[in-house]
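Asker: There's a structure below that I have some questions on.
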Amino acid sequence: MRVPLEKAVDLLRGGEVVAIPTETVYGLAAWLFKESAIEKIFTLKNRPSTNPLIIHVRDADECAFYASAQPADVYKLTEAFWPGPLTVVLPIHEKKVPLIARAGLKTAAFRCPAHPVAAELLKCVSPLVAPSANLSGTPSSTKPEHVEHDFGPQFPALEGECRHGLESTIIAQKNGLWEIARLGAISPEEIARIIGYLPKCAHLVEKTPICPGQLLVHYAPKARLILSNTPYEACEKKCPVVLGFTDRVYPGAKKWLFLGSLTAPHEVSFNLYDCLRRLDIEGIKEAWVDLDIPHNGIWATIRERLFRAAGATLTLQ
Ligand code: TXA
Ligand code: MG
């Protein structure tokens, strides 16, 4: 159910959960000071209590109130990317952040969203904890219809469009260096331009990820995904449904779901979760996914999301 901003403010202040658009994906928001509402988020999403939430702040000053230290370059990074899709993991004043929001960790993840609706909301009620507005493990929501599909038509949601369609990039400092804890809407190359070196993608190389959520199944539709680097026509293991690109042909396929053009990665990221969701809505059991895509920039995130969406059924040809 779409609600106006004033209603969303009342609901959040009263301890309810409201779905909110951000420039990345839809979030399931609760006021940081309403622990019962934060509990509701975990129940609604069926999210393990070990997976902490991102704290959405109105600006860097609000973040500084909760953080107990500001590692080198953090101001440069927030100045460059806030408001926007960068999440920074920082040590906190433990008394100021409820345990439930940070899953008992001594750190918390902070982000200042750029979406005008989220920004307007945060002026009235902040900070807000908000995980992606989807059932745990399934593709994120990028439209109010996705939220209604997962949580029912009566669930309160603010209207808006998620421009990026990919979650924020999460960074943390380890031994004095910034590492990427989750790839996201800001590419490692963009971060390198600010800090002067390419941050390591910690979650792709280490057994114990910085983000507890990286251990869980993610973004996965019910449909089985067959990821492929080989052209469709040359592929032995393929199926009639293709998840691909508008500038390629897939001779012999029966049905196509197009992510967008290979020349427009932002169009592809914008459509990604909607396409993954459509597979299940249309009852498709199996799809062949064109993974012959670049590795640089935002494509790295798109590639990673597709791998994770394919989960244990991942078959790379
Ligand atoms: O774009 C986004 O970041 C969206 C929008 C709604 O803001 N939010 C989002 O939240 O993606 P969620 O809950 O789906 O993912 C948050 C990730 C999880 O992997 C979690 O483990 C990690 O952030 N995280 C949260 N607090 C952390 C902390 N203190 N240390 C390390 N990772 C943390
Ligand atoms: Mg999520």
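The values are calculated or read from the model by the stated rules, or taken from the named source; none is laboratory data. Quick caveat, the model's predicted, so the values are computed rather than measured. Because the Cβ atoms are built from the backbone with ideal geometry, glycine has one as well, and the counts that use them run over all protein chains shown. These area figures cover heavy atoms from the full protein model, side chains too; ligands, DNA and RNA do not enter into them. Shrake-Rupley method; radii C 1.70, N 1.55, O 1.52, S 1.80 Å.
Asker: Right, Pro83: within 16 Å of ligand 2 (Cβ to nearest atom), assigned to a loop (DSSP other than H, G, I, E, B) and either open to solvent by 10 Å² or more (accessible area, probe 1.4 Å) or closer than 28 Å to Asp10 by Cβ (or both) or not?
Answerer: When the stated conditions are applied, Pro83 does not pass them.
Asker: Here are some residues: Ala80, Ala103. Which one is more than 19 Å from the chain's Cα centre (by Cα) and in contact (Cβ under 8 Å) with a residue 24 or more places away in the chain?
Answerer: Sole residue among the options that is more than 19 Å from the chain's Cα centre (by Cα) and in contact (Cβ under 8 Å) with a residue 24 or more places away in the chain: Ala80.
Asker: Next question. Can you name the residue in segment 197-220 that is of a type in the set (Val, Ile, Thr) and within 16 Å of ligand 2 (Cβ to nearest atom) and is also nearest to Gln173 (Cα to Cα) among such residues?
Answerer: Ile210
Asker: Still on this structure: Going through Val9, Val17 one at a time, which residue ends up being more than 16 Å from ligand 2 (Cβ to nearest atom) and of a type outside the set (Gly, Ala, Ser)?
Answerer: Val9 is the lone residue from the list that is more than 16 Å from ligand 2 (Cβ to nearest atom) and of a type outside the set (Gly, Ala, Ser).
Asker: Further question on the same structure: Within the bounds of segment 175-183, is there any residue that is within 16 Å of ligand 2 (Cβ to nearest atom), closer than 26 Å to Ala264 by Cα, out of contact with any helix residue (DSSP H, G or I) (no Cβ under 7 Å at 6 or more places or on another chain) and in contact (Cβ under 8 Å) with a residue 12 or more places away in the chain?
Answerer: Among the residues of segment 175-183, not one is within 16 Å of ligand 2 (Cβ to nearest atom), closer than 26 Å to Ala264 by Cα, out of contact with any helix residue (DSSP H, G or I) (no Cβ under 7 Å at 6 or more places or on another chain) and in contact (Cβ under 8 Å) with a residue 12 or more places away in the chain, which makes the answer no.
Asker: Let me ask something else. Which members of segment 266-299 meet the condition of being in a helix (DSSP H, G or I) and either buried (at least 22 other Cβ atoms within 10 Å of the Cβ) or modelled with pLDDT under 95 (or both)?
Answerer: Val268, Ser269, Leu272, Tyr273, Leu276, Arg277, Leu279, listed by residue number.
Asker: State the number of residues belonging to segment 189-228 that are open to solvent by less than 60 Å² (accessible area, probe 1.4 Å), within 16 Å of ligand 1 (Cβ to nearest atom) and under 18 Å from Phe307 (Cβ atoms).
Answerer: Looking only at that region, the number is 12.
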